[in-house]
Amino acid sequence: MLEFPDWLRLPLAGPVDQAMAWILTNLSGLFDWIGAVGLRILISVEQALVGVPWFVLVIVVGLVAWRAIGKWTSGLGMAVLLILVGTFGYWAEAMTTLSVVIVAVAIAVAVGIPIGILMAWSDSVKRVLRPILDGMQTMPSFVYLIPALMLFGLGRVPATFATLIYAIPPVIRLTDVGIREVPSATIEAARAFGANRWDLLRDVQLPLARPAILVGINQTTMMALAMVVIGSMIGNRGLGMEVLLAINRVDIGKGFEAGLAIVFLAIVIDRISNGFARRRTVPVVSAAAPTETEDDAEDIPGEPEHVA
Amino acid sequence: MDAVGTRRSGRERPGGTTLTVEPNTLATSPPDGDAVVRVEGLWKVFGKNPERVFDEEYRGLSKTELQARTGCVVGIRDVSFDVRPRELFVLMGLSGSGKSTLIRTLIRLIEPTRGMLSVDGQDVAAMSTRELLEFRRRSISMVFQSYGLLPHYTVLQNSAYGLKLRGDDQKTREEKARAALATVGLTGWESYYPDSLSGGMQQRVGLARALATDPDILLMDEPFSGLDPLIRRQLQDEFVDLQDQIGKTIVFVTHDLHEALKLGDRIAIMRDGEIVQIAEPEEILSNPHDDYVRAFTRDASTAGVFTARTVMDDPEVLLYRWQGPRAALAELVHQKRDWAFMVDKKHRYLGICSRDLVDTLIKEGNKHIEAADLIRPDPVDPDVLIQDLFGLVGAGSYPLPVTDADGTLLGVIRPRSILEALHTPDPAEEASDA
Ligand SMILES: Nc1ncnc2c1ncn2[C@@H]1O[C@H](COP(=O)(O)OP(=O)(O)OP(=O)(O)O)[C@@H](O)[C@H]1O
Ligand SMILES: [Mg+2]
C-alpha cells in the first residue's frame with residue numbers, strides 16, 4: 001500500500017531503447033566511419049608516443065615542465081615521476097592512456113572553445129547550455145560509458161568519446177567566463193576604433209580570456225585522465241585496465257603500482273598545464289625588438305625584463 | 001568663428017610643454033563655416049520599449065517621473081547643438097546628467113532612440129554597419145577616462161591599433177604610431193606594456209592612439225579625471241598647446257568647471273539628459289541661465305580664490321639679521337635646521353640664511369651678516385593664483401617666500417601646501433556624490 005504505485009510509472013527505458021535502436025539502424029554507417037577514423041588517429045598518436053625513445057620523452061617533458069613552471073627543480077621532478085612510471089613496468093600502458101587523453105583533450109579544446117565563445121556572445125545560447133553543462137558535471141562518470149558503448153562498441157574509440165563528453169564542460173565554461181569578464185571599457189575602446197566582432201575576438205576577448213581558458217584546459221585535462229581510467233570498463237587498454245585486472249585478481253601489489261603510475265601521470269600533466277595557465281601573461285617590456293606591431297598576442301616573451 | 005581663433009591664440013600658457021607636432025599637420029583644417037558635428041532633437045532612452053516615452057500621456061514628465069511610470073531611463077533628452085570646425089566643445093554636468101551617453105551616441109557606441117545626428121556632413125544615424133566601422137576607423141577617434149588600452153599590446157601596438165583596424169600596412173602603422181607617440185611625449189616608451197606606465201602616461205598612450213589615425217574629430221570622455229591634480233594640470237596645459245597646433249574639432253566631456261573654462265571654446269551644461277545652456281566660458285560665468293548653472297559657476301569663483309595667501313604657512317623659524325652669525329647659528333642648531341628665512345628689523349624679507357654661511361662668517365671672525373650673502377629666491381605676491389606657482393614651487397629646493405608690496409614677509413609656500421589645497425574635494429564632485 002505504501003509502495004510506489006505501478007500506474008505512476010513513466011516508462012522511459014522503452015523510448016530510449018527505441019531511439020537508440022533507430023540511431024543504430026539508420027546512422028550506424030556514420031558511427032562506423034567515425035569509429036574507424038577515430039581509431040586510426042588514436043593508434044597513430046599512440047605509436048608516435050611509443051615510437052619516441054623513452055629517455056627522449058623524459059627529457060622533453062622535463063624541459064617543458066621547466067619552462068612551464070619556471071623552476072629547473074620542478075622540471076627535474078616531473079622527469080623523475082615519468083621515469084618512475086617506467087620503473088613500475090607500465091611505460092607502454094601509460095603511453096596508451098596518454099594517447100587517449102591527448103586526443104580527447106585536443107577535440108574538447110577544438111570544439112569547446114568555439115562553443116564557449118558562442119555562449120559568451122549570446123545570452124540565449126548560455127541559457128540553453130548552462131543547465132546541460134551543469135547536468136553533465138553532476139552525472140556519475142560511468143553513465144557516459146553506456147551510449148559510448150552502444151554507438152562504438154568496445155575499445156578505445158568509445159572510451160575516447162566518453163572521455164570527451166565527460167571532460168569538455170570546464171573548457172566551455174571557462175572560455176565563456178573569461179570572455180565575459182573582459183572589462184567592458186576595453187571592449188568599448190576597441191569598438192570605438194572600428195573593431196568588428198572578429199577583431200574584438202582576436203585582439204581583445206581571446207587574449208584577455210587566455211588565463212581563464214588555460215585554467216579550463218587544465219581542468220578538462222585532469223577530468224579526461226580520470227575518465228580514461230574508468231574507460232577501461234569498456235575495454236580501453238592502458239593503466240586503467242591494469243588496475244581493473246589487479247582488482248579482479250586481488251593482486252594488491254600490482255594494483256598499487258598501476259594506481260601510483262596513474263597518480264604520477266596525473267601530477268605531471270597537471271603541473272605542466274597549470275604552469276602554462278598561471279604563467280605571467282603580460283610582461284613589463286616586450287622582450288622582442290619593439291618593432292612589431294603585428295598581432296603577436298600568442299607568443300609571450302619568456303623572461304619579462306624589469307623597468308630600470 | 002574668428003572669435004574662437006583669437007581667443008585661443010591670445011591665451012597664455014604657463015610653463016613649458018613637451019608636446020610637439022609636425023608642421024605639415026597645421027595646414028589641414030576643414031573649411032570654416034559649416035558645423036562639423038550637428039545634433040538635432042537627439043534622444044536616448046534606456047529600457048524596454050523606449051518608444052513608449054514619446055506617448056502623449058507622458059509628455060513633459062521629468063526624468064524621475066518617466067522612470068517611475070515607464071521603467072525607462074532617459075539618458076539624453078531632446079538634445080541639439082552644433083560643433084564648429086576646430087572648436088573645442090565641452091559637455092559638462094553632474095554625474096548621471098548624460099554626458100557619456102551623449103558622446104557615445106555620436107559614434108553610435110550607444111544607438112540613439114530618436115533624432116538627427118550628422119558628422120562631417122554624413123548622416124551617422126543612417127549608416128550601415130559597414131559604413132559605421134569605416135567612419136569610426138577614419139573620421140573620428142575617442143579617448144576614455146579609463147584609457148581602455150590593451151594590456152597585452154605594447155605602447156607602440158596600442159597607439160597603432162586604430163591603424164591596424166583600418167588595414168594600414170605594417171610600415172605606415174609604425175611610422176604614424178611613432179609620430180603620434182612623439183607628439184604626446186612618449187618617445188622611448190614604445191616597447192613597454194601599459195601596466196608599467198603611470199596613469200598620466202597611459203592616458204598619453206590613449207591620446208596617441210586617437211591621434212595616430214589623424215581623425216577629423218576627437219571625442220574625449222573625462223580624459224584627465226582619473227589623474228592626480230598635478231598630472232592632470234600638466235596634461236591639460238600640454239593639451240591646450242597641442243590643440244593650438246593641430247586644431248582638431250573636439251567634443252570634450254568633463255565635470256570639472258576649471259577644466260571646462262580652461263579648455264573650452266564653448267561649454268554645454270547638461271542636467272538630467274538635457275542641455276541647459278550652451279555658451280562661451282565668459283558668458284557662462286557672467287550670465288548663467290539658471291540656478292543649476294549658477295551652482296557650477298559659484299564653485300568656480302570659490303576655487304579661483306586659491307591664492308598664495310590662502311595656502312601659505314608660517315615660516316616656523318625666522319632669523320633676524322641684527323642678531324649676527326653666532327646667534328643665528330645658535331638658533332639654527334637649537335631648531336635643528338640647516339637654513340631659515342631671514343628678515344630685517346621691519347620684518348622685511350631678506351633671503352635665506354644657511355648654516356654654511358654662518359659657519360664661514362664665524363670662521364672669518366665676521367660679526368655681521370650681509371643681506372647680499374644670503375640665498376634669495378624671488379618672493380611672490382600674496383594674490384598670485386596657485387596654479388601660477390606650480391613651476392616655481394617645484395623648481396627650487398626652498399619654499400617660496402610670500403611678501404607684500406613693502407617687502408614684508410607674510411609667509412612661505414611649500415609644495416605640500418599646494419597639493420593639500422588641490423586635494424580639498426571639488427564642490428561639483430561633492431554635489432554629485434550626494
Ligand atoms: N546602459 C544603461 N542602461 C540604463 N541606464 C543607463 C545606461 N547607461 C546610462 N544610463 C543612465 O543614463 C543616465 C546618464 O548616464 P551617463 O553615464 O551618460 O552620465 P554621465 O553624465 O556621463 O555621468 P558621470 O559623470 O558619472 O560619468 C544615468 O541616469 C544613467 O543611470
Ligand atoms: Mg560619464
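The values are calculated or read from the model by the stated rules, or taken from the named source; none is laboratory data. Keep in mind that this is a model prediction, so the values were computed, not measured. Note: ideal-geometry Cβ built from the backbone for every residue, glycine included; neighbour counts use all protein chains shown. SASA here: full protein model, heavy atoms, side chains in, ligands and nucleic acids out. Shrake-Rupley method; radii C 1.70, N 1.55, O 1.52, S 1.80 Å.
Being among the polar types (S, T, N, Q) and in a helix (DSSP H, G or I) is the filter; apply it to the stretch B:79-135 and report the residue that is nearest to ligand 2 (Cβ to nearest atom).
Among those that are among the polar types (S, T, N, Q) and in a helix (DSSP H, G or I), it is B:S100.
Just need a number here: residues in the stretch B:113-123 that are β-branched (V, I, T) and over 20 Å from B:E51 (Cα atoms). I'd like the intermediate steps shown before the answer.
First pass over the stretch B:113-123, keeping only residues β-branched (V, I, T): B:113, B:119.
Checking which are over 20 Å from B:E51 (Cα atoms) leaves us with B:119.
Adding up the residues that qualify gives 1.
Which one is surrounded by the most Cβ atoms within 10 Å (Cβ to Cβ), of the residues in the stretch B:136-162 that are of a type outside the set (D, E, K, R), in a helix (DSSP H, G or I) and at the interface with chain A (Cβ under 8 Å from one of its Cβ atoms)?
As a first pass, look at the stretch B:136-162 and keep what is of a type outside the set (D, E, K, R): B:139-162.
If we keep only those that are in a helix (DSSP H, G or I) as well, we get B:155-159, B:161-162.
Checking the rest, the ones that are also at the interface with chain A (Cβ under 8 Å from one of its Cβ atoms) come to B:156-157, B:161-162.
Values: B:L156: 25, B:Q157: 28, B:Y161: 27, B:G162: 30.
That would be B:G162.
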Yes/no for A:L201 being away from every other protein chain (no Cβ under 14 Å) and either open to solvent by less than 10 Å² (accessible area, probe 1.4 Å) or not acidic (D, E) (or both): no
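Please find, among B:R84, B:R104, the residue that is within 29 Å of B:H258 (Cα to Cα) and away from ligand 1 (no atom under 12 Å from the Cβ).
B:R84
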Whichever residue in the stretch B:219-233 is away from ligand 2 (no atom under 16 Å from the Cβ) and in contact with a helix residue (DSSP H, G or I) (Cβ under 6 Å, 6 or more places away or on another chain) and, among such residues, is farthest from the other protein chains (Cβ to nearest Cβ): B:P229
Qualifying residue in the stretch B:182-189 (condition: in a loop (DSSP other than H, G, I, E, B) and either without any contact (Cβ under 8 Å) to a residue 12 or more places away in the chain or at the interface with another protein chain (Cβ under 8 Å from one of its Cβ atoms) (or both)): yes
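Report whether or not A:I179 is away from chain B (no Cβ under 11 Å), assigned to a helix (DSSP H, G or I) and under 17 Å from A:A104 (Cβ atoms).
no
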Tally of residues being within 21 Å of B:Q145 (Cα to Cα) and either facing chain A (nearest Cβ under 8 Å) or not in a helix (DSSP H, G or I) (or both) across the stretch B:190-205: 6
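Listed residues A:A167, A:A162, A:A185, A:A195; which is open to solvent by less than 20 Å² (accessible area, probe 1.4 Å), of a type outside the set (S, T, Y) and within 14 Å of chain B (Cβ to nearest Cβ)? Spell out how you get there, then give the answer.
Numbers: A:A167 fails: within 14 Å of chain B (Cβ to nearest Cβ); A:A162 fails: within 14 Å of chain B (Cβ to nearest Cβ); A:A185 fails: open to solvent by less than 20 Å² (accessible area, probe 1.4 Å).
Among A:A167, A:A162, A:A185, A:A195, only A:A195 is open to solvent by less than 20 Å² (accessible area, probe 1.4 Å), of a type outside the set (S, T, Y) and within 14 Å of chain B (Cβ to nearest Cβ).
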Of all residues in the stretch B:206-218 being open to solvent by 10 Å² or more (accessible area, probe 1.4 Å) and part of a loop (DSSP other than H, G, I, E, B), the one that is nearest to ligand 2 (Cβ to nearest atom): B:D216
